[in-house]
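Right, one structure below, let's go through it.
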Amino acid sequence: MIFKGQSEKNKRYVSAHTWTIERWLAVALIGMAVLVTTETAKSQTAGTANIQGTISDSTGAVIQNATVTVTNTATTVQHRTTSGADGLYSFPNLAVGEYNLNVSAAGFKHYDQRGIVLEVGSSIAVNISMQVGEAQQSVEVQANGLALQTEDPSFKQTINEQTLTELPLNGRTVTSLITLSGGSAPAPITDLQGSKTFYNSVVISVGGGQGDTTDYRLDGGDHNDYETEVNLPFPFPDAVSQFSVETSALGAQSGFHPGGLVNVVTRSGTNQWHGSVFEFIRNNLLDGTNFFSSTKDTLHQNQYGGTFGGKIIPNKLFFFGGYQHLKADQSQSLTQSYVPTQANLNGDFSVTDGAGCQSSGKAIQLLNPLTGTVLPNNQINPSFFVAPALALQPYFPANPSSCGLVSYAIPSQQTENQVIGRVDSTLTQKHSLYGRYFIEDYTSPAYFSPTNVLLTTQAGNAERAQSLTLGETYIIGPHTVNSFHASGTRVRNNRGPNAQGLAPNALGVNNYEASKNFLEFAVTNKWITYCGACAQSHFNINTFSFADDVNMVLGRHQLAFGGAYVRSQMNVYNLYEMNGYFTFTGVYSQKGPAGTSTGGTGADGNLDFLTGAMNQYQQSLPQQNAMRAPIPSLYVQDIYHATNRLVVSAGIRRSEERRVGKECRSR
């Protein structure tokens, strides 16, 4: 991974050596020399599909110079080529959808095959046997279902539009369906997901790979979060045409990550107007009560939006757009804490540390944390209590139980807006363009209450993800196609506590503080305020990717070569522990100030807190990072049709990751 430095632990980065142009050229030449001795590969650009095959007569003799045309049934866009000396033809990098295929050759009947369905990432063979006859005569064949993929050995499963929109999908997140494909499963999250990454990113293991080794593509463009190597957000299901998950034997063109490939394609406009509106509602008025719950769910969730697409210029220019809004309010499950009681504030710990309040059922004996002497009947003179601890008491929930127990629910409010727009243009039969822009905004506020400071233990996030992809396909000749993709993504994640809040100085603590609304206290087994991952910060990532792919048919060889250049930038500013992190474990109420006193049989963190007997204090400088990672790559691959029944594919790829020599820790 590129920016794994933003983990919970310190990571050190070593700058990789720089590759010269001569060395890259050497890699390309070596790749061409060892095509048939390296890994299996297929030849297509992400987000597209291929058709290829052999044209022959009824005796099996190949037919050269036959004119082959494929037509997209939704847009009537046509692509044309001719068969080579070996009777082979190829249509690389076609948009997904349904196609008709037509073949004409002198002295043979016209051939027409309809209903060929291309899924994202598919590479199928359509071999055609022509019949002798007049050109005015025709042979019509109707394709039934999906064609068998015979042109590459990868294992791929496609989730189509019907599955996306009709399956019940909690949260309507496309990535939730990745695990429907064989060989995919949720991976251990560790530090790959959290308040630093986009809220709906996922950690998925594909084909046995680690959770950070899956490559994500959207409309052929790079769609990876280079901070932790998870996905950037994808559009809502109604805006997605289909996506595929490839789990093994990835080709050289798709070999950027060692794990699997998730390849998502958005919907396009057609010659027909089409649109939809939707709303999905979940609330406690309609939902049944959980069998194991004694109260109604408090969730109120609304997701609504719509899509619309069609033609601007028939057969030439098409558009598609969509919008989705999410609003979800809920009180989370009850959280329990143990705060100082009024008896504790009066110096009496006999009840809170008595048998009735201990899980063991046995009373514990406390020591004075400052002197190490035994406290008779667990009573201490309140004059030992420090002012900052007493100043925090009004911010605790009122009326705790005799053991100090308080129960509360932290509110959860989520708001999300997604907007997507796409334009497809066929300039000529040889030249086509498309552009797609997607933006998603998400907010989840942090909370603070002057009567319950314990609500501050979850970070607030204001996140925005943007993605722009431009694609161009140009048919250089009957047997050569060039495809170019340029993409840019930007993720902005502003994280932090509520604007209203507490800080150490407000309680009378004399220390440096960087903000006036952050107070990180932790009292072991009792209560905490705020959290390390709640500190004010921003994590911004900009990634720019450029890729060019050339596909050529040379006799029985279908050759593909190209390269990509990705440059990712990550800018971090994090006030983690800038206000100090105060920890009270209760060790001094059990072992005294030197840790050697005897007579104590248990610990009480609240007693240590009230007397100011702090066990640990941490404070850090701001974490400021400006990381840059250029990632060049080259590949070459070949599909060789040895016979009409045997296809051999091979390729090689070289990717170089240059990491910035920085050390960073973030929570």
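Obtain the nm distance between the two label points defined at Phe278 and Leu621 by a simple spin-label model: each point lies 7 Å from its Cα along the Cα-to-C-beta direction.
Taking the two extended label points, one gets 5.0 nm.
Give me the distance in nm between label points sitting 7 Å out from Cα along the Cα-to-Cβ direction at Asn505 and Glu98, one decimal.
Roughly 6.9 nm, to one decimal.
With everything on Cα atoms, drop me the angle between helix 21-33 and the longest principal axis of the chain, reported from 0 to 90° to the nearest 10.
60
Could you check what % of the DSSP bridge pairs in the chain are antiparallel, to the nearest 5?
90
What are the ³J(HN,Hα) couplings of region 392-398, residue after residue, when phi is run through the Karplus curve with 6.51, -1.76, 1.60 and θ = phi - 60°? Round to Hz, x for glycine and proline.
Couplings: 7, 4, x, 8, 7, x, 6 Hz.
What does the extension gain come out to for Leu286 and Asn315, with contour length at 0.36 nm per residue minus their alpha carbon separation?
Working it through step by step, the gained length comes to 5.8 nm.
Tell me, which longest segment in the chain has none of the chymotrypsin sites (Phe, Trp or Tyr not before Pro) that fall in DSSP loops with at most 12 further Cβ atoms within 10 Å?
1-272
Tell me, what HN-Hα J-couplings in whole Hz come from the Karplus equation 6.51 cos²θ - 1.76 cosθ + 1.60 at θ = phi - 60° for each residue of region 275-288, using x for Gly and Pro?
x, 7, 10, 7, 8, 10, 10, 9, 7, 6, 7, 9, 7, x
Please compute the net charge surrounding Lys430, taking Lys and Arg as +1 and Asp and Glu as -1 over other residues with Cβ under 15 Å from its Cβ. Working shown, then result.
Working: positive: Arg80, Lys316; negative: Glu472.
Net charge around Lys430: +1.
Here are labelled values, [x] 1.01; [y] 1.22; [z] 1.14, and one is the computed Cα Rg over 2.2 N^0.38 Å for what I pasted. Which one?
Identified label for the calculated read-out: [y].
Summing Lys, Arg as +1 and Asp, Glu as -1, what charge do residues with Cβ under 13 Å from the Cβ of Asn493 carry, Asn493 excluded?
Here the count lands on 0.
Give the long-range amide H neighbours of Ser620: residues separated by 5 or more places, or on another chain, with amide H under 5 Å away, using H modelled in the peptide plane at 1.01 Å from N.
Met578, Gly580
Which stretch or stretches of region 358-389 have amide N atoms under 14 Å from the point lying 7 Å from Thr601's Cα along the Cα→Cβ direction?
Flagged as within label range: 358-367, 375-378.
Determine, from the Cβ-Cβ distance of Asp329 and Ile476 and an R0 of 51 Å, the FRET efficiency 1/(1 + (r/R0)^6), rounded to the nearest 0.05.
0.35
Taking 41 Å as R0, compute the FRET efficiency from the Cβ-Cβ separation of Ser655 and His431 and round it to 0.05.
Efficiency, from the Cβ-Cβ distance: 0.85.
When we measure straight from the Cα of Lys526, which aspartates and glutamates land under 19 angstrom away, once same-chain ones fewer than 8 places off are left out?
The reachable aspartates and glutamates, counting only those whose Cα sits under 19 Å from Lys526, are Asp348, Asp353, Asp604, Asp608.
Once the Cβ-Cβ distance between Asp57 and Phe544 is put in as r, and R0 is 60 Å, what FRET efficiency do you end up with, to the nearest 0.05?
For Asp57 and Phe544, the calculated efficiency is 0.75.
Within a Cβ distance under 11 Å of Asn505, other residues only, what is the Lys/Arg minus Asp/Glu net charge?
With Lys, Arg at +1 and Asp, Glu at -1, the neighbours total 0.
Return, ordered by residue number, the residues of region 473-511 whose backbone nitrogen is under 16 Å from a label point located 7 Å along Cα→Cβ of Gln413.
Backbone N within reach: 496-501.
If each residue of separation counts as 0.36 nm, what is the full-extension length gain between Glu166 and Gln342 once their alpha-carbon separation is subtracted?
Residue separation times 0.36 nm, minus the Cα-Cα distance, leaves 57.7 nm.
Give me a comma-separated list of calculated 3J(HN,Hα) values for region 108-124, in order, Karplus coefficients 6.51, -1.76, 1.60 applied at θ = phi - 60°, integers in Hz, x for any Gly or Pro.
10, 5, 5, 10, 9, 10, 10, x, 7, 9, 10, 9, 4, x, 6, 9, 10
If you stretched the chain out fully between Tyr573 and Lys362, how much longer would it get, using 0.36 nm times the residue separation minus the C-alpha to C-alpha distance?
71.1 nm
None of the figures in this text is laboratory data; all of them are computed from the coordinates on show. What you see is a predicted model, and the numbers here were worked out from it, not measured in a lab. FYI the Cβ positions are ideal-geometry reconstructions off the backbone, even for glycines, and counts take in every protein chain you see.
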